[in-house]
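**Q** Starting off with a structure, shown below.
The values are calculated or read from the model by the stated rules, or taken from the named source; none is laboratory data. Since we're looking at a predicted model, the values are computed, not measured. Virtual Cβ from ideal backbone geometry, glycine too; neighbours counted across all protein chains shown. These accessible areas exclude ligands, DNA and RNA; they are computed on the full protein's heavy atoms, side chains included. Shrake-Rupley method; radii C 1.70, N 1.55, O 1.52, S 1.80 Å.
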2 protein chains.
Amino acid sequence: MSLNTALISVDIVAFRLVKGRLNVLARRIQADGNKPEWMLPAGKIDPVRDQSLDDTAYRQLELLTNKKPGYIEQVVTLGDSQRDSRGWSLTIVYYALIDSSDSEQLAPSAQWLPSDAEALKGQLAYDHSRLVQQALDRLKSKIQYSSLPVYLLPEHFTLSDIHGVFSAVLDKAPPMRSIRNRFLQGDLLIDTGRLKRGSNRPAALYKVNQDSEAWLFDRLYISTR
Amino acid sequence: MSLNTALISVDIVAFRLVKGRLNVLARRIQADGNKPEWMLPAGKIDPVRDQSLDDTAYRQLELLTNKKPGYIEQVVTLGDSQRDSRGWSLTIVYYALIDSSDSEQLAPSAQWLPSDAEALKGQLAYDHSRLVQQALDRLKSKIQYSSLPVYLLPEHFTLSDIHGVFSAVLDKAPPMRSIRNRFLQGDLLIDTGRLKRGSNRPAALYKVNQDSEAWLFDRLYISTR
DNA sequence: GTAATAGTGTCTGTGAGACACTATGCC
DNA sequence: GGCATAGTGTCTCACAGACACTATTAC
């Protein structure tokens, strides 16, 4: 049996908005020569500390970010004989959405990299740019019929901020009218009563209603396809 | 490290319509005393024969059905320290849709069991009834916005047969009018020109357009929620 | 006041659902 | 012919999208 536990890992694609752009969390690795110098947060299952795979994902991620992400979801498990030269390998891929609050305590070895597909290909080791692509595909799909956008925003945000999430993830966004209608229906958001003041008319600041889980709508936005 | 490869398995929840009811494929195990006597098709990765996890799933399933299923999809990977008394275990769960053609060559140890949740709890060993539930949840959800129903039908089928799939899976179905509008749009189905004759007006027989993959629609049926 | 962004009113389009209707087979 | 199931016509409803409109702030 050439499959051993050294080749089982949980890899996390953590997304975050940095200056309005979608970024991916990466960890520096010892660069030897021309090799790419980054990898995704990843690690082995700790049979003692981890009660479940979700625990493994949370633990790996928190090692770098020092806080619990607002949303994680398993994407897929990949296993094949090609990806690792040592033989059969098994990778459970997660993605995580990190809220873009100001305070952040990243580990020194960690850094946010723009999620641009081409750039990542040159920067990420192993087949990690492919894992990012798969996680991104899922995010791009799910953002269109769920409340996921709010998990990329800070605690308090405006409806325009949601528009910004769509732009960052999909490079296009539904009209504000549609975002408004969708996100203000139900008990999804709570109006904090506070306003975001800028150079123009202030916008209402909302926060997530913690009573409600990530919500699934029953239609896709069409303008984003 | 108490996690070893003996505890990695690929488990398949294969669905099929038997006399209009949703069934799940099970394999007989040596019953010792009062224990349940069935388990899901499952097995280990064969690092030599399997190029990928999908291969493992296909191989395990074909051992029992002797034919390739029309549709498989990975549901989730479960890992925790509770499910197997020997320690940490990892299970990659797939579901498969088997077309309900007449000819079938089941292995002697295999049998179709009604997918009724309560009944399965008493019949399936380990936590397999929970795996069925998770696969069924996915199927119930996805059937509402995809062309999956056709993968549970024989090669030639009528639009009423699709209605029957919804009834079997969800215990309710969209109106025929809606099924018609949805499934006859695009190039999803091909009218074979043949008719299914019964005691009443014959129905047009359709087949799947092999050019088109499993199709995703952009709205859920509402009557099925 | 003007500029700029927030937010509303309302019309159109699409597809699900309701339901009455017609069509075509078996007996 | 009657009956049963197949299939159509068409109205309503819900929600995405388009777009003109009003509202509220900074300056």
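**Q** Among A:Pro175, A:Pro149, A:Pro114, which one moves the most in a GNM of chain A with springs linking Cα atoms closer than 10 Å?
**A** A:Pro175
**Q** If you don't mind, there's one more thing I want to ask. I'd like the FRET efficiency for A:Arg21 and B:Arg130, computed as 1/(1 + (r/R0)^6) with the beta carbon distance as r and R0 of 35 Å, rounded to 0.05.
**A** Efficiency, rounded to the nearest 0.05: 0.30.
**Q** Further, regarding this structure: Between A:Ile222 and A:Asp116, 0.36 nm times their residue separation minus their Cα-Cα distance comes to what?
**A** Value of the extension gain: 35.8 nm.
**Q** Give the calculated FRET efficiency between B:Met39 and B:Ser212 to the nearest 0.05, with a Förster radius of 35 Å applied to their Cβ-Cβ distance.
**A** Efficiency for this residue pair is about 0.50.
**Q** Let me ask something else about it. Placing +1 on the Cβ of each Lys and Arg and -1 on the Cβ of each Asp and Glu in chain B, which of B:Pro202, B:Gln144, B:Leu106 has its Cα farthest towards the positive end of the resulting dipole?
**A** Toward the positive end, the furthest listed residue is B:Pro202.
**Q** Hey, can you find the accessible area per residue of the protein assembly as shown for me, probe 1.4 Å, expressed in square angstrom?
**A** That works out to 50 Å² for each residue.
**Q** Which distances in nm, rounded to one decimal and ordered from shortest, link the label point of A:Asp187 to the equivalent label points in the other identical copies, with labels set 7 Å from Cα toward Cβ?
**A** Inter-copy label distances (nm, one decimal, shortest first): 4.8.
**Q** Let me ask you something else. In what sequence, largest accessible area first, do B:His128, B:His156 appear using a 1.4 Å probe?
**A** My answer, sorted largest first, is B:His156, B:His128.
**Q** Report the Cα-based extents of the protein assembly as shown along its three principal axes, largest first, to the nearest Å.
**A** 74, 53, 43
**Q** According to a simple spin-label model (label point 7 Å from Cα along Cα-to-Cβ), what is the distance in nm between A:Leu106 and A:Ser146?
**A** Between A:Ser146 and A:Leu106, the label points sit 2.5 nm apart.
**Q** Out of the total accessible area of the range B:67-225 (probe 1.4 Å, heavy atoms of protein only), what percent is carbon and sulfur?
**A** Exposed carbon and sulfur together represent 46 percent of the surface.
**Q** Where the centroid of each part is defined by its Cα atoms, how far is the range A:184-225 from the range B:122-142 in Å?
**A** 35 Å
**Q** Oh, and also: What is the calculated FRET efficiency for A:Val48 to A:Ser199, with r their C-beta to C-beta distance and R₀ = 45 Å, to the nearest 0.05?
**A** Numbers: r = 54 Å, r/R0 = 1.21.
Efficiency computed from Cβ-Cβ geometry: 0.25.
**Q** Sticking with this one: Counting only C-alpha contacts under 8 Å and six or more residues apart, can you give the relative contact order of the range A:146-208 as a whole percent? Present the calculation step by step, with values, prior to reporting the outcome.
**A** Working: 72 pairs, mean separation 22.0, N = 63.
Once divided by the residue count of the range A:146-208, the mean separation gives 35 percent.
**Q** Counting only C-alpha contacts under 8 Å and six or more residues apart, can you give the relative contact order of chain B as a whole percent?
**A** 20 percent
**Q** Next question, about the same structure. Return the whole-Å distance between the Cα centroid of the range B:92-117 and the Cα centroid of the range A:57-94.
**A** That distance is 32 Å.
**Q** If you take the accessible area of B alone plus A alone and subtract the pair, what total do you get in square angstrom, rounded to 100, with a 1.4 Å probe?
**A** Rounded to the nearest hundred, the buried surface is 2400 Å².
**Q** Tell me, in nm to one decimal, what length is gained between B:Asn66 and B:Asp191 on full extension, where the rule is 0.36 nm per residue of separation less the Cα-Cα distance?
**A** Roughly 42.1 nm would be gained on extension.
**Q** Could you put B:Arg83, B:Arg182 in order of accessible surface area, largest first, with the 1.4 Å probe and the full protein assembly present?
**A** Accessible-area ranking of B:Arg83, B:Arg182, largest first: B:Arg83, B:Arg182.
**Q** Relative to the isolated chain, which residues of the range B:200-225 have their accessible area cut by 50 Å² or more in the presence of all protein chains (1.4 Å probe, heavy atoms, no ligands or nucleic acids)?
**A** B:Asp218, B:Arg219
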